[in-house]
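Handing you this structure, nothing more for now.
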Amino acid sequence: MEFNEILEKRRAINFFDPSRDVPEDLLRTVLAEAGQAPSSFNLQPWKVKIVRDPERKAALRALAFDQPKVTEAPVVLIVLADRDGWKEGNPTFEGHFTHNMKPEQRDYLVNSAKSLYGGSPDASLAFATKNAGLFAMSFMYAACAHGLDTHPMDGFDREAVRKEFDIPDNYWLAMLIAVGHRTPDLVVHPKAWRQSVDDMILK
């Protein structure tokens, strides 16, 4: 699929076919492709919780404004943004250093990340969420390229979901993403209004 086709075809689908599963190998392929997303210093401060079990999806739906797509989609991702992802000792920090950098570059990485992202809780949160957003958008484009539909969701009780799914405090719950196939013969309305190029340029 050409990228312009992906841009046109990718939609936030509200109605999923519960009879069509997303095979585990396909989901892993899409996650791997999404993992090619850019990130600050290549620190990749994102993780996902994969929710497939019907009972767990029902628990999640109860904390997500009772949105039917949470239980109708075969898979829901909880996208997590790691506010500690810039810190020395964090697994992805260390993974990036080990695989991509020389020992003499360590102080540069440690000090640069700390100065940019460690100055305040807001800086750490901004670091985590902007990078998790890059991953999430990449996931939705990759899913579309493989014939899957998605819907990102912000409507959920973050702290209740954190508790229900035992998510550590360093992770900000960036969004939920329902993943599956739209219901057969679903009529999808034209895309909503978008800013023009001139509108989006701040003068």
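Compute the FRET efficiency between Arg20 and Ala123 as 1/(1 + (r/R0)^6), taking r as their Cβ-Cβ distance and R0 = 41 Å, and round to the nearest 0.05.
So the FRET efficiency works out to roughly 0.45.
Which value in Å is the Kirkwood Rh of region 96-196 over different Cα pairs?
After inverting the mean inverse Cα-Cα distance, the result is 17.3 Å.
What is the magnitude of the charge dipole of the chain about its Cα centre, with +1 placed on the Cβ of each Lys and Arg, -1 on the Cβ of each Asp and Glu, and no other charges, expressed in debye to the nearest 20?
On the way: 25 positive and 29 negative charges, 42 e Å.
Its charge dipole is roughly 200 debye.
For Trp46, what residues show an amide H to amide H distance below 5 Å, using hydrogens built from the backbone and excluding near sequence neighbours?
Correct list: Asp82.
Mind ranking His181, His99 by accessible surface for me, highest first, 1.4 Å probe?
In descending accessible area the options line up as His99, His181.
Could I ask something else about it? Given bins 5 angstrom wide, list per bin the percent of all Cα-Cα distances in the chain, short to long.
Each 5 Å bin holds this share of Cα pairs: 1, 7, 14, 17, 17, 16, 12, 9, 5, 2, 0, 0.
Here is a follow-up. Just how large is the dipole of region 84-187 about the Cα centre, in debye to the nearest 20, putting +1 at every Lys and Arg Cβ and -1 at every Asp and Glu Cβ?
Using only the charged Cβ atoms, the result is roughly 260 debye.
Moving on. Once the piece of chain linking Glu104 and His189 is laid out straight, how much longer is it, given 0.36 nm per residue of separation minus the C-alpha distance between them?
Using 0.36 nm per residue and subtracting the Cα-Cα distance, I get 25.1 nm.
If you put +1 on each Lys and Arg Cβ and -1 on each Asp and Glu Cβ, how big is the dipole of region 17-103 around its Cα centre, in Debye rounded to 20?
180
Related question: Can you tell me the alpha carbon radius of gyration of region 42-133 divided by the globular rule-of-thumb value 2.2 N^0.38 Å? Could you put the intermediate results ahead of the total?
Details: Rg = 17.2 Å, N = 92, 2.2 N^0.38 = 12.3 Å.
Cα Rg divided by the expected 2.2 N^0.38 Å: 1.40.
How would you rank 3-16, 142-155, highest first, on the average number of other Cβ atoms within 10 Å across their residues?
142-155, 3-16
Write down the radius of gyration of region 13-77 and its Dmax, each obtained from C-alpha positions, in Å.
13.9, 41
Roughly speaking, what is the centre-to-centre gap between region 91-117 and region 49-82 when only Cα atoms are used, to the nearest Å?
Between the Cα centre of region 91-117 and that of region 49-82, the gap is 34 Å.
Distance cut-off 32 Å, Cα to Cα: go down the list Lys47/Lys203; Lys47/Lys191; Lys102/Lys130; Lys102/Lys203; Lys87/Lys203; Lys130/Lys163 and report the pairs above it.
Pairs exceeding 32 Å: Lys47/Lys203; Lys102/Lys203; Lys87/Lys203.
Which of Ala64, Ala143, Leu77 sits farthest toward the positive end of the charge dipole of region 58-203, with +1 on the Cβ of Lys and Arg and -1 on the Cβ of Asp and Glu?
Ala143
The values are calculated or read from the model by the stated rules, or taken from the named source; none is laboratory data. Small disclaimer: the values here were computed from a predicted structure and weren't measured. When we count neighbours, we look across all protein chains shown, and the Cβ atoms used for this are built from the backbone with ideal geometry, even at glycine. The area values use the complete protein model at the heavy-atom level, side chains included, leaving out ligands, DNA and RNA. Shrake-Rupley method; radii C 1.70, N 1.55, O 1.52, S 1.80 Å.
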